[in-house]
Each structure stands twice: as structure tokens, then as C-alpha cells.
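Written below as C-alpha cells is the structure these notes are about.
Please treat every number below as a calculation from the coordinates, not as lab data. Fair warning: this is a prediction, and the values are worked out from it, not measured in the lab. Counting neighbours? That spans all protein chains shown, and the Cβs are built from the backbone with ideal geometry, glycine included.
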Amino acid sequence: MRLKLALLALLLAGPAFGAVQLLNASYDPTRELYQEVNAAFAKQWKAKTGQDVTIQQSHGGSGKQARSVIDGLPADVVTLALAYDVDAIANAGLLPKNWQTRLPNNSSPYTSTIVFLVRKGNPKKIKDWDDLVRPGVSVITPNPKTSGGARWNYLAAWGFALKTHGGDPAKAQDFVKRLYKNVPVLDTGARGATVTFVERGIGDVLIAWENEALLSVREIGKGQFQIVAPSVSILAEPPVAVVDKVANKKKTAAVAKAYLEFLYTPEGQEIAAKNYYRPRLPAMAQKYAQQFPEIKMFTIQDFGGWTRAQQTHFADGGIFDKIYEGR
Amino acid sequence: MKEISLWLCLAWLGFGGTAFAQEPPTEEQPQSVEERLDELDQKVRVLDRKSELDKEQAAEKAKTAGQATAGKDGFSLKSADGAFQLKLRGYTQLDARFYSGDDERPANDTFLLRRIRPIIEGTLFKIFDFRIMPDFAQGQTVLFDGYLEGRFSPAFKVRAGKFKPPVGLERLQSATDTFFVERSYPTSLVPSRDVGIQVSGDLAGGGVNYAVGYFNGVPDGANGGDVDAEDDKDVAARLFFTRKGLGLGIGASQGSTTGTVTATGLPGYRTPGQQTFFSYGAGVFADGDRIRLSPQGYLYAGAFGLLAEYVQSSQEVRRDAVVEELENEAWQVAASWVIAGGEPSFRGVNPKTVFDPAAHTWGAFELVARISGLDVDDEAFPLFANPASAASAADSLGVGLNWYLNRNLKVMLDYERTEFEGGAASGDREDESVLFSRFQIAF
């Protein structure tokens, strides 16, 4: 009997002793965030379960990453730029369509917004969205057809234009058209656009994730850039989800779930804040409040949700194609 | 690139700068040389970045683009992830046969297109393979292989269609890799191609290969048709062990067949020179069990190779009211010595150098020798076969030289002499002496 119990205990404890590996398919600018999250989570998981966990990262444009997962990239979890891309994975049957209800805050453990990064001294005197359509201002933003971040940029500009032109969509379209006329090069992802602006020295202003802009100001190009907070922007809620079909097959569902839940813990929230993402946890938001400027924000719901926004603006033949064609 | 930028700046200053000096500035023009230089610098940087992005996109596209390749293994199209493939391969054998001393039974000396076989192979969804191989030689079109195989694991593969049943060793060897121009007697007693389904796989890290199949059933040496004319089926199986160049195994088949006077379901047997030396008499047909058993093996060590095989094939035959089980047997021992440029293997010789006179490289050369024989059951005579025309046994001795110019080209020269027992109105049938040559292209 004792022998049987010992064997049973060994059987149950077996998985705890075997190393496990996760793959996190994420979007472009989260490299630094998840390097830190991965190390902290692995330490916590080892202490809690005795099991070693290694998390591999894969980064790229959010839409492109979603496509890779649908095409077979064995990602246990996705941490993407926008819910629409996770919806696409759900529509492919890799996770349930109610995935947003499985974690708090619509499965979005941190938020960000869209701000401007300008060169030191702000030589083109850029203060708000309407400065980006002035002739002679060179704007850097990635391609919304391939980049989730770029879609947030686009919608933030559109929202500003609607607000300042009395909700007239035609005027908003004209505004955004003039803005993209000032874009000399379209990168495929947010990190590429940062490289274009920061490292290649192209453009007067980078429309960027707030976290990416803060990273550039404080770490990548210290002293060379400054952030301009526009009068209004959009609340970006990057979502996270376990890819059930992959995780179940790899028998990593439990650790994958714990990995994402870790993002909501005080430790996970602090790592997010340190990497310039706005934490959800009120205490942590208060602690890092000084690092994030106060900006009036509208949400994706003001555009009818991601599905509608995607169809109207970014689908083939949508408004962006009309704006950008012939360039 | 910095140098180009500098030259562009200088050129611009030389031309645009002059214009700037002559024309009053407009509202859209930069207000100073410094601003214009900045603008030009931005344009150059944008061009550089666009070029950089184009390269990145091209590299990314290359990762997901399919590949088209051409080489010594044929031509292929392959998806980026390798899950879908299409290969075009094939081989052609241009032979010559010259008989000597064929006074009593003249045989035609001839050049002939022995095999012309394009091969279309492919993979679908990573684990499903297919192969289609017709033969256009000798004035006819015959489908030899046409099957689909699911590779679910190395130990479990399922193949369905028309292919070689797992019985004879030399039969399972590709026609491009045999020591001699023509296969030997044991191959005459095993099925060539049959339609059916087979489960096979490699166990113990590839050291053990098994195959079990369920087939329509064909007479000895026959290439079956696409449809079976009777309900009876054959089961064929083979177990083969390999280790460090040594391969030993056994193949077998068991089934039953019922022929008719016009469709006898019985084979005829041919010499290496492809002359029929045994056939059943008129009115004789298959009627009952057909069992084959074949112990087999090979050994490849260094420059030497040895292949040995024995086949016993029994078949119940009928003539009028008389039914008899006849047991025919065949054997061969064939040896190879690669005297230069490579090593023999069951899959042929892969020459270490290619034929290139300018580089003084000549490919690989192989000497081969073979003794073999086929013995027809004595009970076949005289009721089921005419002893005046059908020999009861044939024994052959052959030697040959093979020249592998490269992996794709092979030239063969063989001489084979065969002696018979019976098969003539009186005494033994006249010996057969044949000189073969072959020019083979395979890719």
C-alpha cells in the first residue's frame, strides 16, 4: 500500500519536476517588458511549484503575429496589441470566442495610449494632432495594415479630427489623409517605426505607443527626444490570452494561465509600470502617476468596437486604402 | 551610403543651389541653405530606409515563399514549411542485347528502350505522400506505381494503391540500383506490382522494418491490373533486420486464385536474356492456394557487396480433373566489388567523384558476378507442361562491369550464360549466352 501511495505521489508530482516551456507571441514593442516579466514569473513559479519554466518570446506586428499563430506558430499565449487580432485567432478555433471574459479588465492587464515623440527642443513646435498635418512636418507612423500600434495611431488621429470638426467623418477623413501625406515611410511595425525615427534620424515626429516613447526618451536616445502629449488620445488596451488549443496539446494550460494571471499581480503590475505601461492596479497606478501625463482619452468603443473599426478603416478597400492609394 | 549622400548634397548645391541664388524664395521653398541641406538629408535618409525596409520585406518574403529546386535528385517545388512538395523524377534505360550461339532458338539481337519512367512524387499536408510512375518503354504505357501513403510515425505508415508487395528482396530494390541489367530468377517468382493496402514501419531506431499488406493477388512476376477479377486476395508480409550493412529477413505471401483456360492465372518464367524457358501447357490453369516464402539478405562492407535470396513459390494448378500443388524454387547469390570511386549499397553506388576528363576524375567502377537458378517442380511434367518445349530448370552465371559516371548516369556491360535441363525435343535446351549493355539516366 505504501509503495502504491509513493508511486501515486510520484506520478502526481512528476510534472512539477519536469521543465516546461512556453511561447509568448507578442507584438513589436513588448520585448523589454516580457523579458522582465518572464524572469520574474519563472522565479515565482519555481518557488511555488518546484517546476522550471522557460518562456520564449516571438515579436512582430500584431496582425502578423496573429496570422502566424493561426498558421501554426505553437504559441501557448498571445499578448497582442489589439483585441481584434486575438478575435481572429478565436475565429480560427484556437481559443474560445469569449476569451476576453476569462481575465479581469477584458483580459487587458495594462493599458497605454498614443503620444508624440519629437526631437529635443521640439524644433517644429508640435503640440497637438493638427500640427501633424502642417506642410513640411514629417510624420513617422507604421502601416496600419500590418501594425496594431499603427491602428491605434490612426484611430487616435481620426478621433481628434472628429472631435474638432463636429463629428464630420468627411472632414476627419480629409484630416487623416493630410496626415498620411506627411508620412515619408511606412514601417511594418511599431518597433520599426521607432528605429526609423530614433536610429535613422528620419522625421520630425513619431506617433508612438506611450511606453515606446518613454523608453526612447529615457533609455534608447537619452537627452535627444521629448514627449508631447496631445490634447486627446485613445485608450489602448493590449489584450492577453491563452491559446487553448496549443496549450492543451502541449499540456501547458495551467502554467500558461498562471503566466497571464501574474501580469495582474502587484509584481507584474510594477514591472509593467517600470516598462512604461499604465498599470490597472490603482495602488500601482498611483505610485507611477508622475510618469504618465494626464490625457483625455476616448476608447475603441467610440468607434463601435474593433470589428467595426477594422471593417470601416483597415479592411481591403477601407478608408485607409482610399487615403493612401496613389501615394 | 554616406559618400553617396555627400555627393548628392554637393550636386544639389551645384545645381539647386545656383537656382536658389537666382530665384527669390517662395513660400514653399526652404528659407536657407541649411534648411535645404536638412531637407535633402532627410530625403536621402528616407531613400536609405525604404531600401532597408525593402530588403527586410524581401528577406521575410523569402522565408514564407515556396522553393523551386533543380539538381541531381530531380526537380521540385516545395512550400516554405515543407508541408507541400512536388517532385519530378524519372529514369530511362537504353539497352542492347546480343545473343550468341542461338542456332536452335534464334533470339533477336536488339537495341531497346527497356524502361522510360517519369516519376511524379509529392507530399500533402506534411504526412501524406503520393507517387505516380508509368512506363512508356517497349511500345506500351503501363502504370507501375500509383499510391498514396500516410506517414503517421516512423513505425506506422499506411500505403494504398498499386506498388511492390513486400516479398522479394531484389524486386524491392529500384531497377536503377541492381547489380545486373536484368534481375535474377527469384524475382520471377514474386509479385512485381499489385493493388492493395499495406501497413509498414521502422522499429528499434530503423533496425527492424516490417510490412504487412492485403492485395488483389497476382501470378509470379506479374504486374497486376487495376481491377481484380475474383474475390480471393493475397496477404503479403516481410520482416527485415538491418545492422551496419548487414540485412537479413524473410518475405512471404499467401493467397488463393482460380483461373480459367483462357485466363490461366499462371506465370511463365524467363531467362536473364528475357527468353521464356518455361510455360504451362494449354488447358492448365491456377486453381487453389498460392504460397511464397523468401529468406533473403545482403551484406555491404567496404568496397564489397553481397546479395542472396531464395524463393519458394507453390501454386495449385488444374488440368481437367487433375489438381496438383506445384512447388517451384529459385535462388541467387550476387556479389559486387567497387574497384574505384565509391562503395556499394542496397541503393546503388554513389560515386565519390564525377566523370570529368579535364579534372582527371572518372566516377566509380564496379565489378559484379552472379550465380542463380530456377527449378520447376518435376510434377509439372508432362501433364502440366510440355517437356519438349519447357525446361525444368535453368542455371545462370553472369559477370559484369558497371561504370557510374555520376549519381545520374550509369553504363553497364554484362555477360550471362544459362544452361537448361530439358526443354528440348531431345536432351537439354541449347545454352543461352547474352551480352547486355545499358545506358541509364536517373534523376
Extent of the stretch B:63-135 along each principal axis, from alpha carbon coordinates, in Å, largest to smallest? 67, 22, 12
Over the whole of B:37-43, what's the average partner chain Cβ count within 10 Å per residue? Rounded to a whole number, please. 2
Note down the net charge around residue B:146, summing +1 for each Lys or Arg and -1 for each Asp or Glu among other residues with Cβ under 13 Å from its Cβ. -1
Output the peptides B:52-58, B:190-196, A:225-231 sorted from most to least packed, where packing is the average of other Cβ atoms within 10 Å over each peptide's residues. B:190-196, A:225-231, B:52-58
In Å and whole numbers, how far do the C-alpha atoms of the stretch B:232-374 stretch along each principal axis, longest first? 70, 33, 23
How long is the gain from residue B:140 to residue B:426 if the chain were fully straight, where each residue apart is worth 0.36 nm and the alpha carbon distance is subtracted? 99.2 nm
Would you please give the residues with an amide H less than 5 Å from that of residue B:326, counting only those at least 5 places away or on a separate chain, with H modeled from the backbone geometry? B:315, B:316, B:317
Potential lengthening between residue B:244 and residue B:227 on full extension [0.36 nm per residue; Cα-Cα distance subtracted]: 2.0 nm
Taking Cα atoms, the helix B:2-22 axis meets the longest principal axis of chain B at an angle in degrees (rounded to 10) of 40
What distance in nm separates the simple spin-label points at residue B:160 and residue B:88, each placed 7 Å from Cα in the Cβ direction? 3.0
Karplus-derived 3J(HN,Hα) from phi for the stretch B:208-224 (6.51 cos²θ - 1.76 cosθ + 1.60, θ = phi - 60°), whole Hz, x at Gly and Pro, runs 10, 10, 10, 8, 9, x, 10, 10, 4, x, 9, x, 3, x, 8, 9, x
Among the lysines, which fall within straight-line cross-link reach of residue B:352, defined as a Cα-Cα distance under 23 Å, with same-chain neighbours fewer than 8 residues apart omitted? B:72, B:244, B:410
Each residue of A:129-137 has, on average, a number of other protein chain C-beta atoms within 10 Å of its C-beta equal to 1
Which angle between 0 and 90 degrees, to the nearest 10, do you get for helix B:33-64 versus the longest principal axis of chain B when only C-alpha atoms count? 10
Residue B:369 versus residue B:50, label points 7 Å from Cα toward the beta carbon: distance in nm? 7.6
For the stretch B:35-97, inverting the pair-averaged 1/r of distinct alpha-carbon atoms gives a Kirkwood value in Å of 15.9
Between residue B:67 and residue B:107, what FRET efficiency comes out of the Förster formula 1/(1 + (r/R0)^6) with R0 = 56 Å and r the beta carbon distance, rounded to 0.05? 0.70
In the structure shown, do any of A:181/A:322; A:145/B:55; A:124/A:322; A:124/A:181; A:46/A:287; A:251/B:61 have a Cα-Cα gap over 21 Å, and if so which? A:124/A:322; A:46/A:287; A:251/B:61
Per-residue mean of other chain beta-carbon atoms within 10 angstrom of the beta-carbon, peptide A:175-185? 1
Between residue A:245 and residue B:321, the FRET efficiency computed from the C-beta separation at R0 = 45 Å comes out, to the nearest 0.05, as 0.10
For the stretch B:317-327, in residue order, the Karplus 3J(HN,Hα) values (coefficients 6.51, -1.76, 1.60; θ = phi - 60°; whole Hz; Gly and Pro = x) are 10, 10, 9, 6, 8, 8, 10, 9, 8, 9, 10
What Kirkwood Rh does chain B have if only Cα atoms enter the pairwise 1/r average? Answer in Å. 25.9
Whole-Hz ³J(HN,Hα) from phi, Karplus 6.51 cos²θ - 1.76 cosθ + 1.60, for the stretch B:70-77, glycine and proline x: 9, x, 5, 9, x, 10, 8, 10
With R₀ set to 45 angstrom, the calculated FRET efficiency between the beta-carbons of residue A:106 and residue B:128, to the nearest 0.05, is 0.60
The protein assembly as shown - Rg over Rh from alpha carbon coordinates, Kirkwood radius: 1.18
Mind listing the long-range amide H neighbours of residue B:144? Cut-off is under 5 Å, sequence gap 5 or more, other chains count too, H placed in the peptide plane at 1.01 Å from N. B:133, B:135
For residue B:355, the residues 5 or more places away or on another chain with a placed amide H closer than 5 Å to its own amide H are B:363, B:406
